[in-house]
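Below: the structure, in structure tokens.
Read-outs throughout are calculated quantities, based only on the coordinates presented, and are distinct from any laboratory measurement. Please read these numbers as outputs of a predicted model, since none were measured by experiment. Don't worry about glycine lacking a Cβ; one is built from the backbone with ideal geometry, like all the others, and counts go over all protein chains shown.
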Amino acid sequence: MTHAFATQAVHAGRADLAFLGIHAPPLDLSTTYPIPDQALGGQALAEFADGAATAASPVYSRLHNPTVARFEDALAQLEQCEAAVAFSSGMAAITAVFQAACMMTGKRHVVAVRPIYGGTDHLLASGLLGLEVTWAGQDEVAAAIRPDTGLVFIESPGNPTLTLTDIATVVIQAGQVPVAVDNTFATPVLQNPAQLGAAYVIHSGTKYLGGHGDVLAGVVACVEHRAAPLRQLRILTGAVLHPLSGYLLHRGLPTLALRVNAAQATAASLAVRLAVHSAVSKVHYPGLPGADARGLVGRQMRGPGAMIAFEVLGDPAVMVKALELITPAVSLGSVDSLIEHPAGLTHRLVDEAGKDTGGITPNLLRMSVGLEDVSDLWRDLDQALLASRVRESVVAV
Ligand SMILES: *Cc1c(COP(=O)(O)O)cnc(C)c1O
């Protein structure tokens, strides 16, 4: 009965279309739904307030939207989870997971392994949610767990240095405490954290899932009993995904594996070339020899991914300015290649200790490899790197 990933990605979330007599999923933009039987409508509302995934009527689009629900069904299937809950952004999804696992349970302590996305790091460090965080190395998680620990939060590959964390080992260390894994960089094509024991699998849908740089979204895949509180939170806080975004995300899933695998092949080729470039001091890419000390590529991850980080000998700002094809921009996972300076942009708000343990050095650049031809990308990188070296030698003189 279970089909391969590529087959599921094409057909998931479309089970009701034949019954409806249509081929493409409909885009339902309704904010409200007629409920001639108000008692039945009230019952539906009560079911949503209890965290139900569906009811006799959506009632109101902050409670439910059929277009978004199709995307959720599809993503849950691809992550091999019972359910998925979509949010207005990755940060809204991450916030909801902290609220569900910590605030709703009264367990206000979080253990997190750096590096993680700069926004998540800042959310935890800011104290906004009233949570206390212990930053731990991936082998120090067990020692950091306390009776009031509500969640262990990890990201693998970690943003921006692509450090791999052994998910199954962290799950064992966490014991009864649920583990959340930000799976944005790996995508369900390369990694399924729930299969390794993660309680929550989080994606910024803005990245590879959307894949075309035109959708802001977040999604959490988990078991149904963890999904219900997330839906309750989404109704209360209003952090809902717009139906058009749900439509575009669902539309993008059938090509997700094609996009990720093609970008990954290009990234692997560029990483090898960058590693021997005279203007590069270090390349961070899980697929390079010696980069994956724990042997997680091939075991935990089905491939090294399409993100590369590298440290330049010259001025990273000069290198970025000299690029002609690769877009200097934050974000990632789009069809076009993007490059950015983590210390100045995505991880600017991470404190110095966090930058140190996370390996976020001043000369580090992070590149999201897109679907352009590998020779064109290499030519652009090479000429910009040489330009950054030339400027460096001028300054040195
Ligand atoms: C972008 C990103 C986020 C935040 O997602 P938004 O959709 O921008 O809110 C979280 N985690 C990772 C790994 C990301 O790259």
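Just a few scattered comments:
- Efficiency of FRET from Cβ geometry, I172 and T361, R₀ 30 Å, rounded to 0.05: 0.40
- Only helical runs count toward this figure. For the chain, summing -39,500 (n - 2.57) over DSSP H runs of n ≥ 4 and dividing by all residues gives -11000 deg cm²/dmol at 222 nm.
- Ranked by how many other beta carbons lie within 10 Å on average, peptides 30-36, 285-291 from highest: 285-291, 30-36
- E372 versus H212: modelled label distance in nm, points set 7 Å from Cα along the beta carbon direction: 2.0
- Rounded to 0.05, the FRET efficiency of the D139 and I22 pair, given R0 = 56 Å and the Cβ-Cβ distance, is 0.60.
- Relative contact order of the range 257-396, pairs being alpha-carbon contacts under 8 Å that are 6 or more residues apart, as %: 30
- Cα centroid of the range 228-300 to Cα centroid of the range 1-76, whole Å: 27
- Fluctuation leader among A353, A93, A387 - the chain, Gaussian network, Cα springs under 10 angstrom: A353
- Label positions at A49 and D37, each projected 7 Å from the Cα along the C-beta direction, are separated by 2.0 nm.
- Mean sequence separation of contacting Cα pairs (under 8 Å, at least six apart), scaled by the length of the chain, corresponds to a relative contact order of 17 percent.
- Taking amide H as placed 1.01 Å from N in the peptide plane, V219 has its amide H under 5 Å from the amide H of F87, H203, G205, each at least 5 places away in sequence or on another chain.
- The antiparallel fraction among DSSP beta bridges confined to the chain stands at about 55%.
- Sorted peptide list for 199-210, 248-259, 12-23, criterion being average Cβ within 10 angstrom, highest first: 199-210, 248-259, 12-23
- Stretch gain in nm, segment L244-V390, where the contour uses 0.36 nm per residue and the Cα spacing is subtracted: 47.9 nm
- Hz values of 3J(HN,Hα) by residue in the range 156-166 - Karplus curve (6.51, -1.76, 1.60), Gly and Pro given as x: 8, x, x, 8, x, 8, 6, 4, 8, 10, 6
- Computed on the Cα atoms alone, the convex hull of the range 5-255 gives a volume of 118 cubic angstrom per residue.
- On the basis of the beta-carbon distance and an R0 of 22 Å, S331 and L258 show a calculated FRET efficiency of 0.65.
- Potential lengthening between V223 and S269 on full extension [0.36 nm per residue; Cα-Cα distance subtracted]: 12.8 nm
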